[in-house]
Each structure stands twice: as structure tokens, then as C-alpha cells.
Amino acid sequence: MLVLSAAAATAVAASVVPAPLAQARSELFIPPQIGIQFNPDGDPGQCGGRTGEQWKFPGDPTEAIRFDTDSRPGGCRLAFGIYDPGNVMTGVSATYTFKVTPGGDPGQCGNQGTHKLPITTTSPTFGDVIRIDTDNRQGGCDLTFALTSPTSTSLNINYASDGDRAQCGNALPLPGGFSPVGNDREITLRIDTDDRPGGCQLQLRLNTF
């Protein structure tokens, strides 16, 4: 009977040992983050809200950035990235396309084209910088987000106007509302700020569930 009891105790102990290891692995999990880099290169009043660099975990919206470029000198430089140290976004790809509106002055939209929104696992990295300098020249700039994913991952966009809504195509009045970018669903934001009142505010939110 003593031999059987010892064997049973050993079996129970063996069944319990992996649990702390599994818990430790779970605690090491780091979710991905969405990042924005937003900086003025002239009059800083044209690039409001949260400037500099910011990163947010899934479910948490980025702090709003604000476009209000007009006849003042300079414009705003903008880039995006996703940092995924846990490599949970395998198979996901995302882009942002920046181009002048039809018939508009292309000098208002720096670095036009389709740019990869990088998803990196080793260090936080931003994609190509685009430059917004819309003013009283003809037209403005279109910024389009696209994402494909084998899972339910989506990128959510909140684009809101705090003044003349004609400056912010496809925007809602503040506080706006989030709309998802995902498989077969792109979102285009029109930026045409000039000397009219107000500007356009942008937030991003990453959903991975």
C-alpha cells in the first residue's frame, strides 16, 4: 500500500508541475501596439493635439492628432507603425495611401503613394513619412487605410471635424465615431484644411479580438 501511495503522489506532483510554467508563459505575453508619429515642420499651431510619438495597446485609442494647415509656414509630418513583439499578427498586412485629390495642387501632399504600415517584432518602427500642407490652393489630400488579416484583427479610425466640415472629407462632427478597416473595407479621409475655421482630428485603435 505504501508503494502505491508513493506512486500516486508522484503522478499527482507530475500533473501539477507544468501549471506554473504555463502561467509564466502567459504572463510573458505582450500584445501588439499601434503607433503614430506626428510633428510640425513650420508653425506648430497647424499640427495640434498629440504631437511626437505615441503607442497604444489593442482597445485603447491613440490620443487625437489635429490637422489645421493653412497659409502659415510649413506643414505636418505623419507616419504609422505596429509593434508586435509577441508575433500575434502573423499574416496581417496594412498600408496607407496618400495622394492629391483630383484636380488639386500636388504640392500640398508630400510623399504621395502607397506606403507599407510596418508590423515589426524586434523594435517599434514607423513607415514612410507623409507631409500634409493643405492651404488655399486647389484641392487637398486623400489618406486611405487598408488592412488584410486571416483573423478578426481590424484597424479602427475616428476622423472628426471641429469646425468647417468641408475641410475634413468623410468626417463626423466631434466627438466622431470609430469605423473599422479590415478585409474588403478601406477608409479614405480627405484633408483640405485652409483658412476656414477649425480643423480635423484623427485617432486610431487596434482591435485583435
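Odds and ends about this structure:
- Just one of (1) open to solvent by 40 Å² or more (accessible area, probe 1.4 Å); (2) touching a residue at least 12 places away in the same chain (Cβ under 8 Å); (3) within 24 Å of Ala79 (Cβ to Cβ) fails for Ile191. It is (1).
- Hits in the range 81-104 (condition: more than 18 Å from the chain's Cα centre (by Cα), part of a loop (DSSP other than H, G, I, E, B), crowded, with 17+ Cβ neighbours inside 10 Å and not β-branched (Val, Ile, Thr)): Gly104
- Flag for Ile157 being among the β-branched types (Val, Ile, Thr), crowded, with 16+ Cβ neighbours inside 10 Å, farther than 18 Å from Gly35 by Cβ and in contact with a strand residue (DSSP E or B) (Cβ under 7 Å, 6 or more places away or on another chain): no
- Some residue of the range 106-124 being more than 19 Å from Gln37 (Cβ to Cβ) and open to solvent by less than 30 Å² (accessible area, probe 1.4 Å): yes
- Residue match in the range 39-50 (condition: surrounded by fewer than 17 Cβ atoms within 10 Å (Cβ to Cβ) and either in a helix (DSSP H, G or I) or out of contact with any Lys or Arg (no Cβ under 9 Å at 6 or more places or on another chain) (or both)): yes
- Among the residues of the range 57-76, those that are within 15 Å of the chain's Cα centre (by Cα) and of a type outside the set (Ser, Thr, Tyr) comprise Phe57, Pro58, Gly59, Asp60, Pro61, Glu63, Ala64, Ile65, Arg66.
- Residue match in the range 120-137 (condition: touching a Pro at 6+ places or on another chain (Cβ under 7 Å), of a type outside the set (Val, Ile, Thr) and at pLDDT below 95): no
- Of all residues in the range 62-74, those satisfying the criterion of being open to solvent by 50 Å² or more (accessible area, probe 1.4 Å) and not in a strand (DSSP E or B) are Glu63, Ser71, Arg72, Pro73.
- Check on Thr151, hydroxyl-bearing (Ser, Thr, Tyr) and modelled with pLDDT of 95 or more: no
The values are calculated or read from the model by the stated rules, or taken from the named source; none is laboratory data. All values derive from a computational prediction rather than experimental measurement. Positions of Cβ are generated from backbone atoms using ideal geometry, with glycine treated the same way; all protein chains shown enter the neighbour counts. Heavy atoms of the whole protein, side chains included, go into the accessibility calculation; ligands, DNA and RNA do not. Shrake-Rupley method; radii C 1.70, N 1.55, O 1.52, S 1.80 Å.
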